[in-house]
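Visitor: Right, I'll just put the structure down here and ask away after.
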Amino acid sequence: MTVTYIQHVHTAGRLGTLRLLTIWKGGVVKGIWRDLLLYLILYAGISITYRLGFRDEGIKSGFERFCVFMDKFDEYIPLGFILGFYVTQVVNRWWTQVMTIPWLDTLCMNLASYLPGVRMKNTRRLITRYAMLANILTLRRVSTSVVKRFPTYEHLVETGLMTEKEMKKLEKLDKTTEGLHATAWYPIQWAQVILRKAKENGSITSDLLFQELQKNLQDISSGNGTLLIYAWVNIPLVYTQLVTIAVHIYFFVTLFSRQYLNPTPHNRGDGGEFWPVPAGTPDSVNLVGY
C-alpha cells in the first residue's frame, strides 16, 4: 500500500522523523506485528521450556548442543543476498508501474490547442472521455479499489463515462474474446475515429497536428498495455518460493540459535539469564518487514 507521509516529516527538529513511526496505515508495524508476535511467543515458550521443563540433564544438554549447532548453521543462509535481490525486483516493478500510468494532461492540452473554439467543444470532451474510459477499463484489471468503484459496465454508464450503445459494443467484444483479453484499446480506437473525422472535415488543419494527437492516444494505449503486462506476468514463482522458504528456515533456526543458554563446558554460555526477547529482534523486524 502506498501512503503519502511526506507532510508528516518535520525539517525544524532533529527528532521530527520519529513521528513517522506512529503511522499505522501502510506502516511496517501493521504489516509485521502478527508474525513478530508469533515469533516472540514461540521463542519465549522454548526458553521457558528449556529452563523449567527439562528436568533431565541429558535432555537439557542435548538441547544446548542443538542450539549451538543452530547458531553455527544460520551463518550459511544467505538471507541478506536473497532478500536484497528480491526486494529490488519488487520495488523496481512497483516504481515502473507507477511511472507507466497514463496521464491525460498532454492529450487534453493538445486538444485545446489544436481543436479550439466552441464548435469543437463536444469533440474535445468526447475524445477525453474515451481516453479516460480506456484508463478505467485498464485499472479495473489491475486495482481492486477501481473494481470496487466500477464493478460492472453499468456503473460506468451511471457515472457518464460510457453510453448504453458503447456498453453494448464492449459487451459484444468481450463475448468475442470470451473475456480472456483486455478491451481497453477499444475506446482509444473510437477516439482515433473521431480525430480522423475532424481531420476530414477540416477541423484539424495540419497533418502534423493530427499525427501529434494520434501519438497522444497511442501513448495512452501503450501505457495501459504495459500496466496489463505487469498484472499478467508476475515475478517468477521460483523466486517467491525461494525467498519464502529461506525466510521461514532462517526464523526457525533463530528460535534456537538466539536462546540464552546456561554456561556449560560444551556451549557458548550466555550467562543463563532469562530474556523473553531474542538478541536479534531488531534484525528480525527488518527481515520480516522486507
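Visitor: Scanning the range 55-92 for residues that are of a type in the set (Val, Ile, Thr) and part of a helix (DSSP H, G or I), which turns out most open to solvent (accessible area, probe 1.4 Å)?
Guide: Restricting to residues being of a type in the set (Val, Ile, Thr) and part of a helix (DSSP H, G or I), the top hit is Ile59.
Visitor: Next question, about the same structure. Pairs needed: first member in the range 21-33, more than 14 Å from Thr4 (Cα to Cα); second member anywhere, open to solvent by 100 Å² or more (accessible area, probe 1.4 Å); C-beta distance under 8 Å; at least 6 residues apart or different chains.
Guide: Hits for this filter: Val29/Leu21; Lys30/Trp24.
Visitor: Given the residues Leu111, Leu139, which is the only one that is touching a residue at least 40 places away in the same chain (Cβ under 8 Å) and more than 25 Å from the chain's Cα centre (by Cα)?
Guide: Leu111
Visitor: Right, something else. Go through the range 49-69 and give me each residue that's of a type in the set (A, V, I, L, M, F, W, C) and under 11 Å from Tyr260 (Cα atoms).
Guide: Cys67, Val68 - these are the residues of the range 49-69 that are of a type in the set (A, V, I, L, M, F, W, C) and under 11 Å from Tyr260 (Cα atoms).
Visitor: While we're looking at this one, here's another question. List pairs: first residue in the range 114-133 and touching a residue at least 24 places away in the same chain (Cβ under 8 Å), second residue part of a helix (DSSP H, G or I) and of a type in the set (S, T, N, Q) anywhere in the structure, Cβ distance under 7 angstrom, at least six positions apart or on different chains.
Guide: Leu115/Thr123
Okay, residues lined up against (1) part of a helix (DSSP H, G or I); (2) over 25 Å from Phe252 (Cα atoms); (3) at pLDDT below 85:
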residue: Ala12; (1), (2), (3): no, yes, yes
residue: Gly26; (1), (2), (3): no, yes, yes
residue: Val29; (1), (2), (3): yes, no, yes
residue: Leu40; (1), (2), (3): yes, no, no
residue: Ala44; (1), (2), (3): yes, no, no
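Visitor: Here is a follow-up. Condition first: farther than 24 Å from Leu161 by Cβ, touching a Gly at 6+ places or on another chain (Cβ under 8 Å) and at pLDDT below 90. Can you find one or more residues in the range 237-254 that meet it?
Guide: yes
Visitor: Within the range 113-132, does at least one residue satisfy the condition of being part of a loop (DSSP other than H, G, I, E, B) and aromatic (Phe, Trp, Tyr)?
Guide: No, that holds for no residue.
The values are calculated or read from the model by the stated rules, or taken from the named source; none is laboratory data. Quick caveat: nothing in here was measured; it's all calculated off a predicted structure. Here the Cβ is made from the backbone with ideal geometry for all residues, glycine too, and neighbour counts use every protein chain on show. Areas reflect the complete protein model, heavy atoms only, side chains present, ligands, DNA and RNA absent. Shrake-Rupley method; radii C 1.70, N 1.55, O 1.52, S 1.80 Å.
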